[in-house]
Amino acid sequence: MITASHRLNLTLFGLLTYVEPVLLVLVSLALGERIAHNQWLTYISIWVAIAVLVVEGVLNLRYRQAL
């Protein structure tokens, strides 16, 4: 984790930090686990954070291409 944080830019490292728990949730759901109603807020927050990072990355890429 420390080596990756030094080698990756902050946006990509942050995105991967959020994607890992999401992938674990998807695998656990595929294996039959269930999410309790009081836990959905946490998972929705993670998805919103991922969406914000993706939108920021796309806007940053478009800005760089416009220069």
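The values are calculated or read from the model by the stated rules, or taken from the named source; none is laboratory data. Keep in mind it's a predicted model, so treat the numbers as computed, not measured. Methodologically, a virtual Cβ is constructed for each residue, glycine included, from the backbone with ideal geometry; neighbour enumeration extends over all protein chains shown.
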Suppose we keep only residues that are in a helix (DSSP H, G or I) and hydrophobic (A, V, I, L, M, F, W, C) within the stretch 53-67. Which one would you say is surrounded by the fewest Cβ atoms within 10 Å (Cβ to Cβ)? Ala66
Just for the stretch 22-41: of the residues that are surrounded by 12 or more Cβ atoms within 10 Å (Cβ to Cβ) and assigned to a helix (DSSP H, G or I), which one is modelled with the highest pLDDT? Ser28
Residues being touching a helix residue (DSSP H, G or I) at 6+ places or on another chain (Cβ under 6 Å) and touching a residue at least 40 places away in the same chain (Cβ under 8 Å): count how many of those fall in the stretch 37-56. 1
Which condition breaks for Ile50 when tested against (1) outside any helix (DSSP H, G or I); (2) surrounded by 12 or more Cβ atoms within 10 Å (Cβ to Cβ)? (1)
